[in-house]
1. Tell me which of these Val108 doesn't satisfy, since it passes every other one: (1) more than 28 Å from Val198 (Cα to Cα); (2) at pLDDT 80 or above.
2. Does at least one position in region 75-84 carry a residue that is surrounded by 13 or more Cβ atoms within 10 Å (Cβ to Cβ), in a helix (DSSP H, G or I) and aromatic (Phe, Trp, Tyr)?
3. Would you point out which residue out of Thr163, Thr209 is in contact (Cβ under 8 Å) with a residue 12 or more places away in the chain, surrounded by 16 or more Cβ atoms within 10 Å (Cβ to Cβ) and within 25 Å of the chain's Cα centre (by Cα)?
4. Kindly state which strands (runs of 3 or more DSSP E) lie completely within region 156-212 and contain at least 2 residues that are closer than 20 Å to Gly226 by Cα.
Amino acid sequence: MMNDGIQSGGLPAGTANKYPAGRSGLAGRLRNYFLTGLVVAGPVAVTLWLVWWFVTWVDNLVRPVIPLAYRPETYLPINIPGFGLIIAFVALTLLGFLTANLVGSSVVSFGEGVLNRMPIVRPIYRTTKQIFQTLFSSSESSFRRVGLVEFPAPGMWSLVFLTQPPSPPIAAHLPQTEHISAFLPCTPNPTTGFFFYVPRADVIDLDITVEQAMSLLISAGIIQPGVEDPHHRLAALAETARAAQAAHKEATPAK
């Protein structure tokens, strides 16, 4: 069953007439091929660039700490990227192992006690520690739910990320109803936004993931969750290119 105005192959009705024989048909096919190639290569290129940037950044941080005699480039004619990342991974894993036992835990507690006595360093360390514990926590109460709240005006709804209920000292000053912590991110930069406590009854839970909500926010609504898979969009672009090519062949008189 076809939608009205849609030809087979996903091409809108009347599109074949827009690609007559000659230059316009060739330009249309080239445009569709280019867009298809861009959809395939663009995400791969951006992903590889981000991975390369992260590996290089970690290498530049760790390499100066490693003695020259232990660096691979000392014995090899080329520089091996990722060596600093491996050292950082091993060091962090070893630190976690040492912290898990009694001796390591005592050392960490002593270090935290020293930092907590420093007037300027203390609030920075505590805030940073809480952020890291929240981001990398395996608890179900951390940033794993998405909801809707009526904001900024009646009839207008905004995405929020839900975390934990308010602690007893804060809940004691709120109205006598169940509240929940909500973070309302901004578009297109979701790292900024508004934090507030909202009555639980005023929140509409959404059955989408945090990643889908982030894509929706960053794209300003262009990428809608559950509407169209990127692979389906790629297939539609390829089908459009094939349909345009077939239309061009039909419109070209045989010699």
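The values are calculated or read from the model by the stated rules, or taken from the named source; none is laboratory data. Here the structure is a predicted model, which is why all the values come from computation and not from measurement. Glycine also receives a Cβ, built like all others from the backbone with ideal geometry; neighbour counts cover every protein chain displayed.
1. (2)
2. The answer is yes, given that some residue of region 75-84 is surrounded by 13 or more Cβ atoms within 10 Å (Cβ to Cβ), in a helix (DSSP H, G or I) and aromatic (Phe, Trp, Tyr).
3. Thr163
4. 157-162, 204-206
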